[in-house]
1. For the chain, give me the percentage of DSSP beta bridges that are antiparallel, rounded to the nearest 5 percent.
2. Principal axis lengths of the range 142-306 from Cα atoms, whole Å, largest first?
3. Tell me whether the range 3-127 comes out rounded, prolate or oblate; compute the Cα gyration tensor, take square roots of the eigenvalues as a ≥ b ≥ c, and use a/c under 1.5 as the rounded threshold.
4. Could you give the angle, 0 to 90 degrees to the nearest 10, between helix 437-446's Cα long axis and the longest principal axis of the Cα atoms of the chain?
5. Over what distance in Å are the Cα centres of the range 410-448 and the range 202-256 separated?
6. So what's the gap between the Cα centers of the range 25-42 and the range 267-310, to the nearest angstrom?
7. Consider all pairwise Cα distances in the chain and report the whole-number % of them above 40 Å.
8. With contacts defined as alpha carbon pairs under 8 Å and 6 or more residues apart, what's the relative contact order of the range 402-454 in percent?
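We did not get these values from a lab; they are worked out from the coordinates using the rules stated. As the structure is a prediction and not an experimental result, all values here were calculated from the model.
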C-alpha cells in the first residue's frame, strides 16, 4: 500500500485529501507546516508528497527541496493557485514530478497520483536490481564508478551499446541497468544467448518466421525483436554469432526492420538493441570470424566491465553483500567473515570473477557449522593462493587455473607482507623485495593498493 504525505496549512484541504486518497487504497499522513513536513520525512520516507505551494508565510518549494534531498526521494506533486504558472514552473525546476491547479479535478489528481507512485516504484526497483544479481554495482572502486557513469549517460539515448568483459563480470546486469535507467524501463528486457542456439533457430527466434518456412513451422511467429515492443533486447555473447546471421543483423541494425524467416516482407521494430561479449571482437575481426562492418556498427559506445581482480577494493563490500543475502535465505542472520577470511578473498584472483565469488561465498555459508566464517571455511582453491606453491603444481593446475592470475596474486601477497614487515615504510618494503622505490610504487598502483596499505 503506497504511503502519501500531504502538506497544507488549511485543515479542510488536509481532511478532504485524506478521505479521497484513503478511499483509493493509500496510507495517508497529513501535516500543516514546513517544520512538521520535515519531521515527517525524516521519520519515514513516503512514496509521494502532495504539498501546497503556499504554506502560510512559508513556501512549498522548501518541502520539494527537503524531499528531493533524501537518499531515495519520493515524488512530489505541488498544488498551485489558478493563474500562477511561474510557481508551477519553479516547482518543476526544483524537482517536483508535476503540479495541479486549484480548484483541481479529483479524477485528474488521482491519475497524476498513480503515475507518480508508479514512477517511484520503478526507481526503487532500478536501485534494487543495481545491487542484486551478480552485485556488479556493489562497491565504490573507481573502475565501477566509471562504468556507472557511462551507464547513466547512455541510458536515455537510443544508441546501440557494446558491453565487453570477461565471463562472470556482470555484463547482463550492466545491460539491465541501462534498460532500467532509460525511458523504456516499464517495457520488456529480453536477453538472448547467441551462443546457445543453432543458426536457423536463432534467426527464427530473433526475426520470427511465417507458416511453412521450415518443418514444424505450423503458424506465423513473431520474433523477439518485434515482440519486445519498445523494450530492450540484449544480444549476449554476440561474438558467437554465425557469419550468415551477422550479415542479417547488420542490415537489421541499419534499417530497423526485420524479415521473418520465409517471408519477403520486412517488419519494422522499436526495441533498443544492446550487445555483450567476452571476446575481443577486434581480434575476431582479424581472424575472419566476425564481420568488420558489424563490429564498427556495434562499437560506437563501449562499456568495459572490469574483472574482479582489477577492483579488489570492492571485495570486502561484495563479500558482505553476498553473505547477507545467503544468510537471509538460510535464516542465519549472524553469519560473518573474519578479517583473515576477507584478506584471503582479496588476495585471490577470481578467474571466474563476481559470479565465482558469489558461488564461493554461498558454499562457505552453507557448509559452515559456525556463524563465524574464517579462512578454513573457504574452498581449497581460494586458500591455495595463501600457500603459494606448497601444494605443488599438480594441485594448482586444476580446471580454470591461470598462471598469469596466479602470479598476479603472489605478487600482491609479497607486497602485503613486505609492507607488514616494514611497518608500512615503503622504502624499507622495497628493499626487502629487492625493488627500486619507483618500481615498488608502480606495483602498488598496478594492484590498486593505497600508499598506506599495510
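1. Numbers: 6 of 45 bridges.
The answer is about 15 percent antiparallel.
2. Cα spread of the range 142-306 along its principal axes, largest to smallest: 54, 40, 26 Å.
3. Numbers: a/c = 1.22, a/b = 1.14, b/c = 1.07.
It comes out rounded by the Cα gyration axes.
4. Taking the Cα atoms of the chain, the angle to 437-446 is about 50 degrees.
5. 54
6. 50
7. Values: 42604 of 102831 pairs.
Here the long-distance tail beyond 40 Å is 41 percent of all Cα pairs in the chain.
8. Values: 32 pairs, mean separation 17.7, N = 53.
With pairs under 8 Å counted, the relative contact order is 33 percent.
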